[in-house]
Amino acid sequence: MPFLYALLTVLAWGIWLIPSQNVKFSGQQVRTFYVAAANLLIAALFTAAQGFGQVTAEVFWLPFWGGVVWSLGGWAAFSATEKLGPVRAYGIWAPLNIVVSVALGAILLHEFVSLSGRAWITLFGSVALIVVGVLTIIFSPAGAKGAHLPKASLPGFACAVAAGILWAVYYIPIKLSHVSMWVAAFPLACGMLVGCAVIVLFSRQTLKLDNGKAYGRAVSSGVLWALGNYGMLLMVDTLGAGKGFTFSQLALVVNALCGIYVLKDPKPNTRAAYLAILGCAIATTGAIVLGTIK
């Protein structure tokens, strides 16, 4: 089952942006609002099938605040992308996601405590491979002709670090609540939508899209993200926070391959594309090694 959870997460999170790629949003906050809305719809359907009676006031609030943390991470990511550009911003928060999730799994949730010395070396080596692979994928477009990186700024760097931390910890309240992922997913989704709605309100962005097809594409992206989120939550529940969340970051591998062969960005058979594929191979190797740790 962990393999199926990982496959669902990596595939869904790897392709979730494609349906809404050409939709005109007034801001990325709006795109994320539709993701949060679709996620709440999916969570409500799953919870209705099991009965809303399980979602009591006692188990609601910790996962709800986890959703709010996710939305704050989104706000920080938008700000970082605006100030640093997507390449630098991703290059800061994606590896930080992995490192923070492994550290919190070990410190807060007492994971990896029974590992031998050799297993610890394998753990650090596999995480390092995944981080190197992720960085290679992220920075591969920078090698393309005409690529441009905005000048770094201290506020942009701070926002990217905040996104790396917040998006690595939003599932921690669920783990601390000790409730089933199937139960916690609904209050988590409520917190995400409330947080995203407040951010959209403060940013004064309009939720209006061009036409019905645009709404359908925006919601489709949200459904894919929601399915990936279920896979990630179940994976964390099965494998632990450190290993589970690290595996989920391999979605960037699928995203990179879709970018090359579906969206042609970067174009196939270019230096940037070869670098991205190399990064995919390095990150996948790290994941395979990580999966061997018992």
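Taken together, the values in this text are just the output of simple stated rules run on the coordinates, not laboratory data. Computed from a predicted model, the values in this text were never measured in an experiment. A quick note on method: Cβ atoms are made from the backbone with ideal geometry, for glycine too, and the neighbour counts reach across all protein chains shown.
Packing, taken as the mean count of other beta carbons within 10 Å per residue, orders the peptides 126-139, 275-288, 162-175 from highest to lowest as 162-175, 126-139, 275-288. Packing here is the average count of other Cβ atoms within 10 Å per residue, and on that basis the peptides 72-79, 185-192, 264-271, highest first, run 185-192, 72-79, 264-271. In terms of packing, defined here as the mean over residues of other Cβ atoms within 10 angstrom, the peptides 91-101, 47-57 line up highest first as 91-101, 47-57. The distance from the alpha carbon centre of segment 1-52 to that of segment 191-266 is 5 Å, rounded to a whole number. Computed from backbone phi with θ = phi - 60° and the Karplus coefficients 6.51, -1.76 and 1.60, the 3J(HN,Hα) list for segment 220-233 is 4, 4, x, 5, 4, 4, 4, 5, x, 5, 4, x, 5, 4 Hz; x is used for glycine and proline. For the cross-link pairs LYS175/LYS243; LYS83/LYS208; LYS213/LYS264, which exceed 20 Å when the distance is taken from alpha carbon to alpha carbon? Distance filter (> 20 Å) returns LYS83/LYS208; LYS213/LYS264. Legend: translational diffusion of the chain by Stokes-Einstein, Rh = Kirkwood radius over C-alpha pairs, 37 °C, 0.692 mPa s; D = 169 µm²/s. Taking the Cα centre of the chain as reference, the dipole from Cβ charges on Lys and Arg (+1) and Asp and Glu (-1) amounts to some 800 debye. Bridging of LYS24 to aspartates and glutamates at a Cα separation below 15 Å is possible for ASP210, once same-chain residues fewer than 8 apart are set aside.
For the chain, the mean residue ellipticity at 222 nm estimated from helices alone is -26000 deg cm²/dmol, where every DSSP H run of n ≥ 4 contributes -39500 (n - 2.57) and the total is divided by all residues, rounded to the nearest 500.
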